[in-house]
Amino acid sequence: MYNKIGDKIKKERESAGLSQKELAEKAGYNNYQTLLKIEKGDRNITIGDLGRISEALNLNMNYFLFEEEQKEYHVLWRECKDIKACKIYENRLKTYTDNYFHLRKLLDLHIDNFIPENVNDFIERYSDFLTDRYKLASELAVDFRRSFNLGDYPADTLMNAIADKGILVFSFSMEDAGSAASYVTPNGASILLNSKESPWRRFFDIGHELYHILTWNLLDYTMHDYKLRDSDAEEHFANAFSANLLMPKSSIRKEIDSLSSIDQINESFIWRMAVKFKVSVDALMNRLEFLQIIDEKKKEAIKATCVKKDFWREYNKKNSKECCQKSKDEYDESYFTLVYSAWMSERITKMKMAEYLNKNIGEIDYYLKQRGLAYE
């Protein structure tokens, strides 16, 4: 068994692009010889060893204890600039996602799993749009908005809608390692955001990754090694989907029709609409240009005016935090609620709750108190 665990550690280390020395340092060992012996099976592996190595690789310790090889499901990355870091972050994403569905079973809760449509059904449904992928993205957005009753301003209800369907959203501080990612398993799907990105991009990034989840079975990303660049065609289609989803043409037209003159499309109108649709100024102006409501010259003029004004910078800074960055946690409310419920019903220990919430056991009481959930 120890040799099998050592082999798994080696496999995950190499997959993350880490040398034995690098992983040993991350795990807190004084030299890499200890890790070398563990991987070769020349040293008994303690629970302490597994804990340190699992934490360094952002993997659940149970992964190394299972003797059966589990099927690997890939994480699809957008702009992964640091392969080593991305591997560590995707391990954490997988752990959170697995935890969620494990707890759901533990609590005997029935929650819909979001499983992307199979290829044949998808092709039959959208056969009229497959030759024009931008039209396909637009049609997908219309169907999704209608199916989930997202209304005229979809960002207001998007998070609740996707959570109800078993799509989780996590937000990690990834610096410049990667922009965002999506992950699909038979249990459901999850989206990973970079919390270092501008808060105004939050909903647009969710829409972007949602497109990849909806079309997951349509494409094989193996040739891209599941890492897409902004220049790839699928990223343009994903952006088109997100723009159509969050800024419906009918809603934009309604706002324009409320103006007495087209000249009223100025910087004041733009920032009010950006707040209303919960998107960036750039995203909104690109949408207006695409719908031929403004031309490129006017777009650039408005953008320049917005950037120059102090009041806009301060308004943007203040409202972006209030609008889109309500929590500093890596997980969304549905994940936290499930973990907390499992603890309150005594299905898991406080130590296990801390592990699921990526907290130290010593800080969990303070964390719960900050959330107004102190438990005597």
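The values are calculated or read from the model by the stated rules, or taken from the named source; none is laboratory data. Nothing here was measured: the structure is a model prediction, and the numbers come from that model. We place every Cβ from the backbone using ideal geometry, glycine too, and count neighbours over all the protein chains shown.
Please list, ordered by residue number, the helices (runs of 4 or more DSSP H) wholly in segment 292-376 having 2 or more residues that are modelled with pLDDT of 85 or more.
Numbers: elements: 296-308, 310-324, 333-344, 350-356, 364-370.
Fully inside segment 292-376 and qualifying: 296-308, 333-344, 350-356, 364-370.
Taking only segment 26-43 into account, find how many residues are exposed (fewer than 14 other Cβ atoms within 10 Å of the Cβ) and part of a loop (DSSP other than H, G, I, E, B).
Counting residues in segment 26-43 that are exposed (fewer than 14 other Cβ atoms within 10 Å of the Cβ) and part of a loop (DSSP other than H, G, I, E, B) gives 4.
For segment 119-148, enumerate the residues that are among the polar types (S, T, N, Q) and without any contact (Cβ under 8 Å) to a residue 60 or more places away in the chain.
At the first step, the residues of segment 119-148 found to be among the polar types (S, T, N, Q) are 120, 127, 131, 138, 147.
Passing the criteria: Asn120, Ser127, Thr131, Ser147.
I'd like to check something: does segment 252-274 contain any residue that is surrounded by 18 or more Cβ atoms within 10 Å (Cβ to Cβ), within 24 Å of Leu93 (Cβ to Cβ) and not aliphatic (A, V, I, L, M)?
no
Looking at segment 44-57, can you tell me whether even one residue there is loosely packed, with under 15 Cβ neighbours inside 10 Å, out of contact with any Leu (no Cβ under 8 Å at 6 or more places or on another chain) and over 26 Å from Tyr356 (Cβ atoms)?
yes
Applying the selection to segment 229-278, what residues are assigned to a loop (DSSP other than H, G, I, E, B) and under 18 Å from Leu291 (Cα atoms)?
Step one: of segment 229-278, the residues assigned to a loop (DSSP other than H, G, I, E, B) are 229-232, 247-248, 258-261, 265-266, 278.
Residues satisfying the conditions are Met247, Pro248, Ser258, Leu259, Ser261, Ile265, Asn266.
Return the pairs, sorted by first residue and then second, in which the second residue is crowded, with 21+ Cβ neighbours inside 10 Å and among the hydroxyl-bearing types (Ser, Thr, Tyr), the first residue lies in segment 264-293 and is touching a residue at least 60 places away in the same chain (Cβ under 8 Å), the beta carbons are less than 9 Å apart, and the residues are 6+ apart or on different chains.
Final answer for the pair search is Val279/Ser242; Ala283/Ser242.
Looking only at segment 217-247, filter to residues that are of a type in the set (Phe, Trp, Tyr) and out of contact with any Lys or Arg (no Cβ under 6 Å at 6 or more places or on another chain); which one of those is surrounded by the most Cβ atoms within 10 Å (Cβ to Cβ)?
As a first pass, look at segment 217-247 and keep what is of a type in the set (Phe, Trp, Tyr): 221, 226, 237, 241.
Subset that is out of contact with any Lys or Arg (no Cβ under 6 Å at 6 or more places or on another chain): 221, 226, 241.
Values: Tyr221: 16, Tyr226: 18, Phe241: 26.
If we take residues in segment 217-247 being of a type in the set (Phe, Trp, Tyr) and out of contact with any Lys or Arg (no Cβ under 6 Å at 6 or more places or on another chain), then Phe241 is surrounded by the most Cβ atoms within 10 Å (Cβ to Cβ).
Can you pull out every residue in segment 44-57 that is of a type in the set (Ser, Thr, Tyr) and not in a loop (DSSP other than H, G, I, E, B)?
Ser54
Quickly run through segment 3-25 and pick out the residues that are surrounded by fewer than 17 Cβ atoms within 10 Å (Cβ to Cβ) and part of a helix (DSSP H, G or I).
Pass one, segment 3-25, residues surrounded by fewer than 17 Cβ atoms within 10 Å (Cβ to Cβ): 3-4, 7, 11, 14-15, 17, 19, 21-22, 25.
Asn3, Lys4, Asp7, Lys11, Glu14, Ser15, Lys21, Glu22, Glu25, listed by residue number.
Considering (1) assigned by TED's automatic domain parsing to the domain that holds Lys297; (2) of a type outside the set (A, V, I, L, M); (3) over 18 Å from Gly151 (Cα atoms), say which one Lys278 fails and leave the rest.
If we test Lys278 against (1) assigned by TED's automatic domain parsing to the domain that holds Lys297; (2) of a type outside the set (A, V, I, L, M); (3) over 18 Å from Gly151 (Cα atoms), just (3) comes out false.
Those residues that are of a type in the set (D, E, K, R), part of a helix (DSSP H, G or I) and either touching a His at 6+ places or on another chain (Cβ under 6 Å) or at pLDDT 90 or above (or both), I need them from segment 98-137; list them, please. Even if it seems obvious, please write down each step before you answer.
In the first step, residues of segment 98-137 are kept if they are of a type in the set (D, E, K, R); the result is 98, 104-105, 108, 112, 117, 121, 124-125, 128, 132-133, 135.
Checking which are part of a helix (DSSP H, G or I) leaves us with 98, 104-105, 121, 124-125, 128, 133, 135.
Answer for segment 98-137, where residues must be of a type in the set (D, E, K, R), part of a helix (DSSP H, G or I) and either touching a His at 6+ places or on another chain (Cβ under 6 Å) or at pLDDT 90 or above (or both): Asp121, Glu124, Arg125, Asp128, Arg133, Lys135.
Check off (1) of a type in the set (A, V, I, L, M, F, W, C); (2) under 30 Å from Ser231 (Cα atoms); (3) touching a helix residue (DSSP H, G or I) at 6+ places or on another chain (Cβ under 7 Å) for Ile53 and give me the number that stays unchecked.
(2)
Just to verify a result, which residue in segment 106-137, among those that are under 21 Å from Ser250 (Cβ atoms) and within 24 Å of the chain's Cα centre (by Cα), is surrounded by the fewest Cβ atoms within 10 Å (Cβ to Cβ)?
So the residue we want is Tyr134.
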